[in-house]
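Please read the structure below before turning to the comments.
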Amino acid sequence: MTETVQPTKPVRGCPSTTGNERQLNTTTLIRHAARTHGDQEIVYRTPGGGWDRYTYADCYARVCRSANALRALGVEPGDRVGVLDWNSRRHFELYWSIPGLGAVMLQMNLRLGPEDLGYVVGHSDVSYVCVDESLLPIAESVAANSPQIKGWIVMTEKPLDQVKTTLAPLLHYEDLLAAADAKIDWPEIDETSAYSACYTTGTTGKPKGVYYSHRGIYLHSTGMATNMGMTLDDCVMLITPMFHGQCWGLPQAATLLGDKIVLPGRYAAEDTKPLVDTMIAEGVTITNGAPAIFQPMLQYIETLPVKPDFSRMRMLSGATEPPLSMMIGFYELTGAEVVHGYGATEATTLVAVNRLKSTLKKRLTQDEQWNLKRKQGLILTGVDIRILDADDQDLPHDGQSAGEICLRGPWITTSYHDMPDSGDRFLEGGWWRSGDVGTVDENGYLKVTDRIKDVIKSGGEWISSIDMENLLMGHPAVRDAAVVGIPHAKWQERPLALVVLKPGQQATQEQLQEHLSSAFAKWQLPDQVLFVEAIPKTSVGKLDKKRIRVEHADRYAE
């Protein structure tokens, strides 16, 4: 059925007697975790590649010192403070100290090019930047065009006089903390104030600023914890970058419950051995990441003589649809559940989570259950969804009618920061237009079929590039795949597939076309399959289809 949603003007009923004046602040999460779970561990990777640990109580004392140090520098409510760091303990501390003052933590995506990152720094009017020593060259690349920055706070184990950089004025994070008080009187911040900001990394136009409220992330944390089945007994490893989309809100959800947290620092997709080894050693039960990280982890696990027991593991997978072969591989080898999730920078970031309803477990076969897990999942309570056609008319939730996914809720953005010409991305009533095409089935499961700009239109008919990519990924010889529409004189567009084969494996274009024919008509099959060493990706690990289309724009010219 299609939902009917009333206009957003609230109706005022009988006044309540509860403490509505108490604001939902991020500080509440960390101070309650320190109060109630002060002895719980936070494990973090050191710059040298080793591991160390401290407790929530230790962490909270440093959070207080960090906030006092920033306040002494003149950071005030509403100021923006940038963070350029990996998934480190200092980054985790800044997640609380900056917004705790009523300031805004600017998440600086270290994978952005200097031009885009410089735009973000200027557009957000950052006053101070906290930067890990290893990332000083990135900070230096934007410093010349950022005269408004009052100081650069370097985060390192070295003394300040041993740090080599052109940044000035230069401050030292550990020196600032050592001089600051470990106790603080936190302000109670209006919950609608921004606690953090993240800029979208779209493939067109300038990055767009999304400023998240304290209220939004607080509610998002409870929604994530509930839908992921998080308990006090969980151990959470934060793999998704903390510098973009607040690591999907998992740091706050873990802190909400006082869970043990593992911060992996800097890591590489080419070497996921340290991640897997630490997951085993620390008893990790919840993590998040993209298939680009999880797939190499599975390949490493396949080489282990004794497979780990991950039967309590929930691996929240986003960015792109996880291949069915990968989900089955994790389950059969380790017992881990890969949980398909859907979200966006504009959605703080979680919108849907794919967990199987108990009613469906009883009546679906094993194959039907696996097929269902390919969908993006059930919409979180608190988020409203509409599927709109080209005329912005609502489509039924029948699993067949595909249209643009539009969302609204307490953690869905209703505008972009200081970007008055972006009204076409929103609808009256607080709805954000996602740009994704999808369906919602009769059981409430969302399925994203494509991006509006990525859907292939050939001869007047649509072809889903996402479904084709995932079927290609299901071939035993294929490691990675991308499908795009390339201009064609007769058919408008025709599919082109880029394929990366697994080491030692072979496949031909004809074999892959035959594999695709199980779900696609002959006219839908890609005219060409190109075997490549690697597929271009964006800064957040998504397929860079814009670049692929540009590079191969003339391939079907004849």
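Values in this text are rule-based calculations from the coordinates and carry no lab data. Just so it is clear, the model here is predicted, and its values are computed rather than measured. Methodologically, a virtual Cβ is constructed for each residue, glycine included, from the backbone with ideal geometry; neighbour enumeration extends over all protein chains shown.
Structural remarks
- Placing unit charges on the Cβ atoms of the charged side chains and taking the dipole of the range 379-453 about its Cα centre, the candidate lying farthest along the positive direction among Gly438, His417, Gly403 is His417.
- Shape call, the range 454-551: gyration tensor on alpha carbons, a/c limit 1.5: oblate
- Summed residue charge, Cβ within 14 Å of Ala281's Cβ, Lys/Arg positive, Asp/Glu negative: -1
- Proximal charge balance of Gly209 [Cβ under 14 Å; K/R count +1, D/E count -1]: -1
- Average 1/r across all pairs of distinct alpha carbons in the range 379-453, invert it, and you get the Kirkwood radius: 12.8 Å.
- Neighbour net charge for Gly258 - beta-carbon separation under 11 angstrom, K R +1, D E -1: -3
- Spin-label model distance (nm) - Arg555 vs Met419, 7 Å beyond Cα toward Cβ: 3.0 nm
- For the pair Gln299 and Asp185, a Förster radius of 45 Å applied to the C-beta separation gives a FRET efficiency near 0.35, rounded to the nearest 0.05.
- Residue separation of Ser141 and Lys206 scaled by 0.36 nm, minus their Cα-Cα distance, works out to 21.6 nm of gained length.
- Among Thr46, His32, Ala61 the positive-end extreme of the charge dipole of the chain (Cβ point charges): His32
- Relative contact order (%) - the range 379-453, alpha-carbon pairs under 8 angstrom, separation at least six: 31 percent
- Farthest toward the positive end of the dipole of the chain, out of Cys247, His488, Leu136, is the Cα of Cys247, where the dipole comes from beta carbon charges about the Cα centre.
- Cross-link partners of Lys164 among lysines (Cα-Cα below 21 Å; sequence separation of 8 or more within a chain): Lys150
- Considering only the chain, percent of DSSP beta bridges that pair antiparallel, nearest 5: 55 percent
- Rounded to the nearest 20 debye, the dipole magnitude of the range 379-453 is 280 debye, with +1 charges on Lys and Arg beta carbons, -1 on Asp and Glu beta carbons, and the Cα centre as origin.
- When each of Val306, Val339 is scored by the number of other beta-carbon atoms lying within 10 Å, the sequence from fewest to most is Val306, Val339.
- Descending Cα extents along the principal axes, the chain, whole Å: 70, 62, 50
- Value of relative contact order over the chain, rounded to a whole percent, pairs C-alpha under 8 Å and six or more apart: 11 percent
- One decimal place: the segment Lys453-Leu360 gains 30.1 nm when fully extended, by the rule 0.36 nm per residue minus the C-alpha distance.
- Net charge dipole size for the chain [Lys, Arg +1 and Asp, Glu -1 on Cβ; Debye, nearest 20]: 480 debye
- The amide H of Leu106, built 1.01 Å from its N in the peptide plane, has Val81, Gly82, Val83, Ala197 as neighbours under 5 Å, considering only residues 5 or more places off or on other chains.
- Mean separation of Cα contacts under 8 Å (6+ apart) over length of the range 454-551, as relative contact order %: 26 percent
- For the range 86-232, a/c is not less than 1.5, where a ≥ b ≥ c are the root eigenvalues of the C-alpha gyration tensor, and a/b does not top b/c. That puts it in the oblate class.
- Rg and Dmax, both from the Cα atoms of the range 327-481 and both in Å, are 16.8, 51.
- Two-site label geometry, Ala168 and Ser517: point separation in nm, points 7 Å out along Cα→Cβ: 7.1 nm
- A Förster radius of 45 Å combined with the Cβ-Cβ distance from Ala178 to Val500 puts the calculated FRET efficiency at roughly 0.40.
- Once both labels are positioned 7 Å from their Cα atoms along Cα-to-Cβ, the gap between Ala534 and Lys490 label points is 3.7 nm.
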